[in-house]
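Peer 1: This is the structure I want to talk about, given as structure tokens.
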């Protein structure tokens with residue numbers, strides 16, 4: 001009986017994943033392009049950062065070491081590495097946390113509960129009825 005229940009829930013998850021595939025693809029494209037475009041515009045025009053350091057920071061935020069190597073080769077010195085280090089560390093943490101959160105929001109339509117007495121926010125993901133979280 002347990003095996004049948006696990007099989008049934010995995011087939012439900014597969015059909016949800018297939019239905020949500022275009023949404024996940026579009027969300028992935030937007031989550032990849034928009035932050036880098038906004039970072040470039042903000043860093044270059046508002047913060048007046050050196051473009052080489054800014055490109056290093058953007059490759060770090062995108063957690064892409066190959067892009068850093070390309071930027072280093074094109075500018076001819078290791079200056080972009082200075083902007084790479086901190087955004088790379090932050091990007092790895094945020095990539096893991098936010099990627100899982102976005103996929104769960106698309107697939108499972110979470111219940112978001114705010115508890116006024118304790119002042120905390122709870123996000124519950126469940127395939128069952130969310131009433132037991134309240």
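Readers should treat all values here as calculations from the given coordinates under stated rules, not as data from a laboratory. Only a predicted model underlies this, so the values are computations on that prediction, with no experimental measurement involved. Positions of Cβ are generated from backbone atoms using ideal geometry, with glycine treated the same way; all protein chains shown enter the neighbour counts.
Peer 1: Are any of the residues in the stretch 28-38 touching a residue at least 40 places away in the same chain (Cβ under 8 Å), part of a helix (DSSP H, G or I) and under 19 Å from the mean Cα position of the chain (by Cα)?
Peer 2: Quick first cut of the stretch 28-38, residues touching a residue at least 40 places away in the same chain (Cβ under 8 Å) only: 31.
Cutting the leftovers down to part of a helix (DSSP H, G or I) gives us 31.
So of that shortlist, the ones also under 19 Å from the mean Cα position of the chain (by Cα) come out as 31.
Within the stretch 28-38 (the criterion being touching a residue at least 40 places away in the same chain (Cβ under 8 Å), part of a helix (DSSP H, G or I) and under 19 Å from the mean Cα position of the chain (by Cα)), the answer is yes, since at least one residue qualifies.
Peer 1: Being without any contact (Cβ under 8 Å) to a residue 40 or more places away in the chain, surrounded by fewer than 10 Cβ atoms within 10 Å (Cβ to Cβ), assigned to a helix (DSSP H, G or I) and out of contact with any helix residue (DSSP H, G or I) (no Cβ under 8 Å at 6 or more places or on another chain), is that true of even one residue in the stretch 47-58?
Peer 2: no
Peer 1: Can you pull out every residue in the stretch 72-88 that is part of a helix (DSSP H, G or I), surrounded by fewer than 19 Cβ atoms within 10 Å (Cβ to Cβ) and touching a residue at least 12 places away in the same chain (Cβ under 8 Å)?
Peer 2: Residues satisfying the conditions are 75, 81, 82, 85, 86.
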